[in-house]
1. Hey, could you check the range 44-69 for residues that are outside any helix (DSSP H, G or I) and of a type in the set (Lys, Arg) and say which is modelled with the lowest pLDDT?
2. Among the residues of the range 197-228, which ones are assigned to a helix (DSSP H, G or I) and either under 22 Å from GLU293 (Cβ atoms) or polar (S, T, N, Q) (or both)?
3. Do you know which of the residues in the range 71-97 that are assigned to a helix (DSSP H, G or I) and out of contact with any helix residue (DSSP H, G or I) (no Cβ under 7 Å at 6 or more places or on another chain) is nearest to GLY307 (Cα to Cα)?
4. Looking for whichever is without any contact (Cβ under 8 Å) to a residue 40 or more places away in the chain and among the hydrophobic types (A, V, I, L, M, F, W, C) here; the options are VAL284, VAL267. Which one fits?
5. Is it the case that the range 218-227 has a residue that's crowded, with 18+ Cβ neighbours inside 10 Å, more than 16 Å from the chain's Cα centre (by Cα) and either on the phi < 0 side of the Ramachandran plot or not hydrophobic (A, V, I, L, M, F, W, C) (or both)?
6. Would you confirm whether any residue within the range 152-160 is part of a helix (DSSP H, G or I), over 10 Å from the mean Cα position of the chain (by Cα) and under 15 Å from GLY217 (Cα atoms)?
7. Can you name every residue in the range 314-331 that is part of a loop (DSSP other than H, G, I, E, B) and either under 17 Å from HIS159 (Cα atoms) or among the hydrophobic types (A, V, I, L, M, F, W, C) (or both)?
Amino acid sequence: MSLPLLIVVFLCQSLRVSAADDHVSNKPEAVVVSKIKGHMNTNSSVRDVLNHPSFKGFGQFILPLDHRAYDENMQLSRVGSLLPYHSHVEPEAVVDTINYMIDQMAEGKIIFYSFYTERQKQEYPAKRNTGIFFFKGKHGAPFAIVCPGGGFSYVGSVHEGFPHATQLSRKGYNAFALQYRVGGEQRACEDLAAAISYIFKNAVSLGVSTKDYSVWGSSAGARMAANIGSYGPSGYGGYDLPRPRVVVMAYTGHSSFTRNDPPTFVVQGDNDGIVNVSTVEKRVDAMRNAGIEVEYHKYRNVSHGFGLGIGTGAEGWTESAVKFWEKHISE
């Protein structure tokens, strides 16, 4: 074979290899990581979470880092130190939900969606720090969107976002945990409104029902949930959509409401060093006097930011919240 012909053959083979590489790189990421296992444990480090291949592109949102100083060598057994406004943080529960997400990715499911367009992110770069984690339930079941707290300075998803969404998913409901911009209540509510609008727009492809959806929130996240309950997504720049069928609120001093607020489920610890319990109870009483259905639970010797309340008198409160929601889901 002549030298020129050899060169032509080599170039053709190279082009075929290059085309094959391009084809592989364009596959959905969920397919690429579908065979990855690699569970975490309490001895795993922050670095392990950030670099886990299942979380490529959004690993920075798993833990409440939010541009704060942190030690990548820190073990997950000390994850509570990343959540200064929270209490009763159980490392085992944190690891369980992280591993649940790893398992979902191993099954080829997509668990993270960005609800802002690339143009919106270019216009407002901080919007890159947003998204929704999807904990899939039964196809066509109603959805809940969960807003973790953190004083609008961090997003405590590992303690009061992912665990709640995991429980809802295991009960057959579709659940989303919101990653929102820190820095203020207004922008966080705008992100929540945008996320709900995205879910409604993509309900068919996501496999969720938009009827009787609920919004859950804890601490700062409960303020967000209450605001959407009062004014709907359109009140914060979202689509003109129905308000949530039910709002679930945990430990917040949010005091305002409207007479059109949906039925509301409220939980509070009596040993809260951040929220004034009397403020919570005044709002509950005022809402009831306005004809709004409110179910209120106060737990003894429980402090602020208790999450699922594991090991406290509040443990199991999410079961009651689900029953409250189910009571208002239309047949």
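1. Residue satisfying both the conditions and the ranking: ARG68.
2. Once the filter is applied, which keeps residues that are assigned to a helix (DSSP H, G or I) and either under 22 Å from GLU293 (Cβ atoms) or polar (S, T, N, Q) (or both), the range 197-228 yields SER197, SER205, GLY221, ALA222, ARG223, MET224, ALA225, ALA226, ASN227, ILE228.
3. Here the residue is GLY80.
4. VAL284
5. For the range 218-227, residues crowded, with 18+ Cβ neighbours inside 10 Å, more than 16 Å from the chain's Cα centre (by Cα) and either on the phi < 0 side of the Ramachandran plot or not hydrophobic (A, V, I, L, M, F, W, C) (or both): present.
6. Within the range 152-160, one or more residues are part of a helix (DSSP H, G or I), over 10 Å from the mean Cα position of the chain (by Cα) and under 15 Å from GLY217 (Cα atoms).
7. Answer for the range 314-331, where residues must be part of a loop (DSSP other than H, G, I, E, B) and either under 17 Å from HIS159 (Cα atoms) or among the hydrophobic types (A, V, I, L, M, F, W, C) (or both): ALA314, GLU315, GLY316, ILE329.
Per-residue answers, yes or no, for (1) on the phi > 0 side of the Ramachandran plot; (2) aliphatic (A, V, I, L, M); (3) in contact with an Asp or Glu (Cβ under 6 Å, 6 or more places away or on another chain):
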| residue | (1), (2), (3) |
| --- | --- |
| ARG259 | no, no, no |
| VAL267 | no, yes, no |
| ASN289 | no, no, no |
| ILE292 | no, yes, yes |
| ARG300 | no, no, yes |
| GLY305 | yes, no, no |
| LEU308 | no, yes, no |
| GLU315 | no, no, no |
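The values are calculated or read from the model by the stated rules, or taken from the named source; none is laboratory data. Predicted, not measured: the structure shown is a model, and the values here were computed from it. Methodologically, a virtual Cβ is constructed for each residue, glycine included, from the backbone with ideal geometry; neighbour enumeration extends over all protein chains shown.
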